[in-house]
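The values are calculated or read from the model by the stated rules, or taken from the named source; none is laboratory data. The structure presented is a predicted model; accordingly, all values stated were derived computationally and were not measured. Using ideal geometry, Cβ is built from the backbone for each residue, glycine included, and neighbour counts are taken over all protein chains shown.
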Amino acid sequence: MSHTHSNMETKIHEWLSSQGYPLEMFASRSFDRAGFNVIQSDYFEDPVTGDSRELDLRASVQATFGEMFLRVSLAIECKSTPGKPWILFTNPSRIADPARVAQRGYSKLAKSFLNSMAHNKSMQNLPAFQVPERTAYSVTQAFTTGQDVAYSAAMSVSKAAGAMLADADRHTSMGERYALVAFPVIVIDAPLVEAFLNDAGEMVVSTVDSGILIWRNPVMHNLLNCISIVRRDSVDAFASDMHSSFISILEFAKNEIPKHSFIVGDRDT
């Protein structure tokens, strides 16, 4: 290999690393190894502008039950900002057990099924539906005065999940019985901390491996959106927990769907 080629490859390696591509590839491998069907560089139509936008990863499991096709998917954005921590502003969690399940992204055909899961204790106890003692109401990136990458990532991944749900609804409107439950996820290669005031009114800042942003932005057509934010070092465990949860959801569906005549219902607005 010539010195010129070696120097070029080194520069390309450095550029790719600075753009975050290794994080996306790492996350893709983690979800693939966990058992998901993974699509990299998926595209969706922005529900606000109509523009075509890119989603870093989609990781799914699916099964067919009679005439119904059920898919459970993760819409995943990857952001690498090693020198700029992400800050979760948190409060004690006040979300009820059924709401931890019901307040997820769902297509219209999945609404009845999700409500059925929401009142089942075994489903409430799945890792996919857990929330920490403190949940975030806002997120930002520290040490920056430019674009808020954290807000942009939350908006982008919510739009992607919303577009996936809208696509499922379009298939249903054409006569297909396509039910989808979608979970927006942001994987970061950066420190993650939570910040809150303690009982004495003092600011507390502590490092965490992951968190849940309870976002009141209606871009996914829900009253609330639960966005998981996961550090790179915790992705393998997160992928494993989500896959085992999603398999349990499919098992629940296998027993539950034949008992009901699930109908197309409106989303909460």
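Could you go through the stretch 65-77 and let me know if any residue there is at pLDDT 75 or above, closer than 22 Å to residue 155 by Cβ, more than 16 Å from the chain's Cα centre (by Cα) and of a type outside the set (Ser, Thr, Tyr).
No: zero hits.
Just one of 176, 202 is in contact (Cβ under 8 Å) with a residue 24 or more places away in the chain and on the phi < 0 side of the Ramachandran plot; which is it?
Step by step, each of 176, 202 is checked, and only 176 is in contact (Cβ under 8 Å) with a residue 24 or more places away in the chain and on the phi < 0 side of the Ramachandran plot.
Within the stretch 130-141, which residues are touching a Phe, Trp or Tyr at 6+ places or on another chain (Cβ under 9 Å), of a type in the set (S, T, N, Q) and either free of Cβ contacts under 8 Å to residues at least 24 places away in the same chain or surrounded by fewer than 19 Cβ atoms within 10 Å (Cβ to Cβ) (or both)?
Residues satisfying the conditions are 138, 140.
Any chance you could count how many residues in the stretch 174-192 are assigned to a loop (DSSP other than H, G, I, E, B) and surrounded by fewer than 19 Cβ atoms within 10 Å (Cβ to Cβ)?
Looking only at that region, the number is 4.
What residue, among those in the stretch 78-99 that are under 28 Å from residue 45 (Cα atoms) and not hydrophobic (A, V, I, L, M, F, W, C), is modelled with the lowest pLDDT?
Only one residue tops the list, namely 81.
Answer with yes or no whether residue 127 is in contact with a strand residue (DSSP E or B) (Cβ under 9 Å, 6 or more places away or on another chain) and surrounded by fewer than 16 Cβ atoms within 10 Å (Cβ to Cβ).
Answer is no for this residue.
Which of (1) more than 25 Å from residue 109 (Cα to Cα); (2) exposed (fewer than 14 other Cβ atoms within 10 Å of the Cβ); (3) at pLDDT 95 or above is the odd one out, the single condition residue 37 does not satisfy?
Every listed condition holds for residue 37 apart from (1).
Going by the structure shown, is residue 144 in a loop (DSSP other than H, G, I, E, B) and surrounded by fewer than 17 Cβ atoms within 10 Å (Cβ to Cβ)?
Spelling it out, residue 144 is indeed in a loop (DSSP other than H, G, I, E, B) and surrounded by fewer than 17 Cβ atoms within 10 Å (Cβ to Cβ).
Has the stretch 10-23 got at least one residue that is modelled with pLDDT of 85 or more and not polar (S, T, N, Q)?
yes
Look at the stretch 220-254 and say how many of its residues are surrounded by fewer than 17 Cβ atoms within 10 Å (Cβ to Cβ), in contact with a Pro (Cβ under 8 Å, 6 or more places away or on another chain) and farther than 25 Å from residue 85 by Cβ.
Total meeting the criteria: 1.
Has the stretch 70-79 got any residue that is touching an Asp or Glu at 6+ places or on another chain (Cβ under 8 Å), among the basic types (Lys, Arg) and in a strand (DSSP E or B)?
yes
Can you pull out the residues in the stretch 55-80 that are more than 13 Å from residue 185 (Cβ to Cβ) and out of contact with any Ser or Thr (no Cβ under 6 Å at 6 or more places or on another chain)?
61, 62, 63, 64, 65, 66, 67, 68, 69, 70, 80
Take the stretch 52-102 and flag every residue that is polar (S, T, N, Q), in contact (Cβ under 8 Å) with a residue 24 or more places away in the chain and surrounded by fewer than 23 Cβ atoms within 10 Å (Cβ to Cβ).
60, 62, 80, 81, 91, 93
Among the residues that make up the stretch 97-116, is at least one of them assigned to a helix (DSSP H, G or I) and of a type in the set (Val, Ile, Thr)?
Scanning the stretch 97-116, I find at least one residue that is assigned to a helix (DSSP H, G or I) and of a type in the set (Val, Ile, Thr), so the answer is yes.
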